[in-house]
Amino acid sequence: MRGLICGPKLAACGIVLSTWGVIMLAMLGIFFTTHSAVLIEDVPVPEDIHRDTNPQRIYDLYNKVGYNCFIAAAVYILFGAASCCQMRLNKQKEYLVH
């Protein structure tokens with residue numbers, strides 16, 4: 001069968017992992033773009049930012065990390081779509097008569 005890359009179990013595993021990845025990364029992206037104080041340890045803060053009194057620099061870093069989370073969630077959506085296509089191809093293969 002043309003386009004069949006993986007079996008049904010691996011495709012199902014890919015769907016589960018991509019669903020979890022989308023949920024987790026979308027939530028992280030939301031929390032980073034709302035500047036959650038709990039996530040400050042995950043923001044790449046330069047050493048000289050502590051001398052700056054303008055909080056906009058740290059907010060920009062939060063937004064940058066949040067956008068990266070949204071981009072990673074989009075990649076997981078593509079991976080999930082590919083896994084769904086593999087599941088469909090595996091279902092079609094079951095119905096073929098050899």
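Inverting the mean 1/r over all pairs of different Cα atoms, compute the Kirkwood radius of the chain and quote it in Å.
Values: mean 1/r = 0.0631 Å⁻¹.
This gives a value of 15.9 Å.
Taken along the Cα-to-beta-carbon direction at a fixed 7 Å, the label points for N54 and Y67 span 1.7 nm. Listed by chain and number, the aspartates and glutamates whose C-alpha is less than 18 Å from the C-alpha of K9, apart from same-chain residues fewer than 8 away, are E94.
Where only protein heavy atoms count, and the probe is 1.4 Å, what is the accessible area per residue for the chain in Å²? Don't skip to the answer; put the middle values down first.
Details: 7270 Å² over 98 residues.
Here the per-residue accessible area is 74 Å².
What's the Cα-based Rg to Rh of the stretch 30-74, Rh via Kirkwood? Taking Rg over the Kirkwood Rh, I get 0.99. Straight-line reach from K64: taking Cα to Cα under 19 Å and skipping same-chain neighbours fewer than 8 places apart, the aspartates and glutamates in range are E41, D42, E47, D48, D52. Rounded to the nearest 500, the helix-only mean residue ellipticity at 222 nm of the chain stands at -24500 deg cm²/dmol, with each DSSP H run of n ≥ 4 adding -39,500 (n - 2.57).
The values are calculated or read from the model by the stated rules, or taken from the named source; none is laboratory data. Treat the numbers as computed from the prediction; the structure is a model and nothing was measured. Because the Cβ atoms are built from the backbone with ideal geometry, glycine has one as well, and the counts that use them run over all protein chains shown. Surface accessibility is based on the protein's heavy atoms, side chains included, excluding ligands, DNA and RNA. Shrake-Rupley method; radii C 1.70, N 1.55, O 1.52, S 1.80 Å.
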